[in-house]
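What follows is calculated from the coordinates using simple rules that are stated; it is not laboratory data. Please read these numbers as outputs of a predicted model, since none were measured by experiment. Virtual Cβ from ideal backbone geometry, glycine too; neighbours counted across all protein chains shown.
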Amino acid sequence: MRIEPKEFVSIVGTSGAGKTTLLRLLLREEEPTSGRIFLDGFDITDVPRRDLHRIRRRIGTVFQDYKLLPMKTAYENVAFAMEVAGRTPEEIKEDVPQAIQLVGLTGKENNFPHQLSGGEKQRIAIARALINRPDVLLADEPSGNLDPGNTAEIVKLLLKVNGLGTTVILATHDREVVNNLGRRVITFEQGHITSDEENGTYMPDIGKEKTQSV
Ligand SMILES: Nc1ncnc2c1ncn2[C@@H]1O[C@H](COP(=O)(O)OP(=O)(O)OP(=O)(O)O)[C@@H](O)[C@H]1O
Ligand SMILES: [Mg+2]
């Protein structure tokens, strides 16, 4: 498969289809048994372990369970990602408020994760994922723990991020989300691509599943 810069692609498929595995391959958290993986034309398949941070720096990640540091405030969670990347205190002071504003959480900077709603936690996680200006944002079931209202807000935010020039790869089995997006949809079944459509939809074969479970 090939994903172009600035695309917004949904990766769909039932549980165990291989969505997370695909994202882990892109991050080189998983090694392919065959095939090659390119990022911006550069073959990342054999990059030595010590250089992996160079790849990972170009990819932001967001997960279903947010993965915020509980002892750090919203601001500190975002700032920490810049510290780890070796950015200066001046850069941090300039960029973090901008990122928090982008995700609509100005005023909640000093809240700890337990003082944020699920939707707010995911917004901070997205701010953190974007803070080092990655080329690609990988979102693995980012709305999996959210209600429909918050889910819609997170999807809107991902579209906004995409509009600002970041490639977005969204793995989800949320049919509603995908079918409302009107963007490219790649469907996986048991580790294989079974469809790849512009303006695609996700319609899991409910009839088949029912038959199997009888
Ligand atoms: N490290 C691993 N080694 C071997 N098998 C694995 C490994 N990680 C995942 N798998 C298997 O690969 C398949 C795909 O898993 P994956 O986590 O990618 O599915 P998924 O599409 O993300 O599912 P879900 O919607 O439940 O998150 C599953 O059968 C899983 O058991
Ligand atoms: Mg998964």
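Okay, here's what the table says:
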{"read-out": "Hits in the range 88-109 (condition: more than 24 Å from the chain's Cα centre (by Cα) and either within 12 Å of LEU157 (Cα to Cα) or not acidic (Asp, Glu) (or both))", "value": "THR88, PRO89, LYS93, GLY107"}
{"read-out": "Residue within the range 34-52 that is surrounded by 10 or more Cβ atoms within 10 Å (Cβ to Cβ), under 30 Å from GLU120 (Cβ atoms) and not aromatic (Phe, Trp, Tyr) present", "value": "no"}
{"read-out": "Index of the failed condition, VAL9 passing every other in (1) under 24 Å from GLY165 (Cβ atoms); (2) surrounded by fewer than 19 Cβ atoms within 10 Å (Cβ to Cβ); (3) within 16 Å of ligand 2 (Cβ to nearest atom)", "value": "(2)"}
{"read-out": "Residue that is surrounded by the most Cβ atoms within 10 Å (Cβ to Cβ), among those in the range 12-22 that are of a type in the set (S, T, N, Q) and near ligand 2 (Cβ under 10 Å from one of its atoms)", "value": "THR20"}
{"read-out": "Verdict on LEU25 being surrounded by 13 or more Cβ atoms within 10 Å (Cβ to Cβ), under 15 Å from the mean Cα position of the chain (by Cα), within 16 Å of ligand 1 (Cβ to nearest atom) and among the hydrophobic types (A, V, I, L, M, F, W, C)", "value": "yes"}
{"read-out": "Residues of the range 1-13 satisfying the condition of being more than 7 Å from ligand 1 (Cβ to nearest atom) and in a loop (DSSP other than H, G, I, E, B)", "value": "MET1, ARG2, ILE3, GLU4, PRO5, LYS6, GLU7"}
